[in-house]
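Have a look at the structure below, then the notes.
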Amino acid sequence: MNRFLKPLKFNWLRGGGEHFQVNLCSRYCSAVAPLRLLLIGSCVLLVSDMLWNLAQAMATYQECRTMEEQLNRVRQQDLDFIAEATRERVDLSDQAVSRLSFEIELANQLLQKRTFSWTRFLTELEQAVPSRLALSSVRLDQAGTMVRITGTAMTLEDVTAFTVGLQDHAMFNDPILAQHRAGPNGVVEFDVTVQYRQDGV
């Protein structure tokens, strides 16, 4: 019994008689020690988890505030830009923006056509044409990279030699014989598509 805590005595009967004793002293029990350590460790882990969650919530809140400030700054810049465009009488409607993208694409196509050298293209193509073959038409797509060639040849072997010459040429790539047929006087009419590389790489 602990010397600092004395048992309390209560009268069991109103008139005196037997006493009911309550012992408030503490006594060490070795079997309870592991359970007490487990309980203390669980409490420490729970408090640590709560603190970590609180730190994460604070970091997320700060990040949201930063993103909100950046978004407000971007919106303000947009409003300033629209106001300046209005003062300069610049149309920023959806129709004007879509028309602008079309005009940019058209300008790029015109620039490509200006830089396209027909002299160089025809010179390179002439080098790949056999002597027993005649070209009827040469058409390029808008980008100037795909060429469609139609013509006539004395024999089908001449058409094959033409496609092989295009394949071996540095400026042409992937020739495809789209169609061929025997025309009048025994000549072979053909249609060939081939990719043209302006840089020759």
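General remarks:
- When the range 145-201 is filtered for residues that are of a type in the set (Lys, Arg) and either buried (at least 19 other Cβ atoms within 10 Å of the Cβ) or assigned to a strand (DSSP E or B) (or both), the ones remaining, listed by number, are Arg148, Arg181.
- Arg36 being surrounded by 10 or more Cβ atoms within 10 Å (Cβ to Cβ), among the charged types (D, E, K, R) and at pLDDT below 90: yes
- Filtering Val138, Val90 for residues that are outside any helix (DSSP H, G or I) and at pLDDT 80 or above leaves a single hit, Val138.
- Scope the range 169-201; condition modelled with pLDDT of 85 or more and on the phi > 0 side of the Ramachandran plot; matching residues: Asp174
The values are calculated or read from the model by the stated rules, or taken from the named source; none is laboratory data. Everything quoted here is computed from the prediction, not taken from an experiment. Note: ideal-geometry Cβ built from the backbone for every residue, glycine included; neighbour counts use all protein chains shown.
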